[in-house]
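I have placed the structure first, in the form of structure tokens, so that the comments after it can refer back to it.
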Amino acid sequence: QVHVEESGGGLVQPGGSLTLSCEVSGRIDNINAMGWYRQAPGKKRRLVADITTGGDINYANFVKGRFTISRDSTKNTVYLQMNTLKPEDTAVYYCNATTLWYDYWGQGTQVNVTS
């Protein structure tokens, strides 16, 4: 079992920045990759960025150059630094931890980009 907990969402103006954090606990040795997804109202959940245990990183095209995913293994935490935020980035952001057998999800954190 892996427990996933996000934090750091909130309200920000267009052009602003926000950093999300995702801390995992439990059987974390089984995790192969961690990622950030987002879901806007009425839309499907989409991958934003992910990072493997080997350090390979993947970004969705709509965030390339603006968002950065990183990790601190000493804190069992993955971060999503979001810069130059746009209104269309408004969504619930979910953290995912992938193992060989199961995907674990956090409860989500709301990000609202509005003036």
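A few points about this structure:
- Taking N as its residue count, the alpha carbon Rg of segment 47-91 over 2.2 N^0.38 Å: 1.21
- Segment 1-96: trypsin sites (Lys or Arg not before Pro) falling in loop per DSSP and having at most 12 other Cβ within 10 Å: Lys43, Lys44, Lys64
- Within the accessible area of the chain (1.4 Å probe), percent carbon and sulfur: 46 percent
- Lysine pair count for segment 1-109 (Cα-Cα distance under 22 Å; residues 8 or more apart in sequence or on different chains): 5.
- Using every pair of distinct Cα positions in segment 1-46, the Kirkwood expression returns a hydrodynamic radius of 13.0 angstrom.
- Applying the criteria of a DSSP loop state and at most 15 other Cβ atoms within 10 Å to the chymotrypsin sites (Phe, Trp or Tyr not before Pro) of segment 11-115 yields Trp101, Tyr102.
- Residues of the chain: accessible area per residue with a 1.4 Å probe, Å²: 56 Å²
- Computed Kirkwood radius, in angstrom, where 1/r is averaged over Cα pairs of the chain: 14.1 Å
The values are calculated or read from the model by the stated rules, or taken from the named source; none is laboratory data. These numbers come from a predicted model, not from an experiment. Note that we place each Cβ from the backbone using ideal geometry, even for glycine, and neighbour counts take in every protein chain shown. Each accessible area value is taken on the protein alone, full model and side chains, heavy atoms only, with ligands, DNA and RNA left out. Shrake-Rupley method; radii C 1.70, N 1.55, O 1.52, S 1.80 Å.
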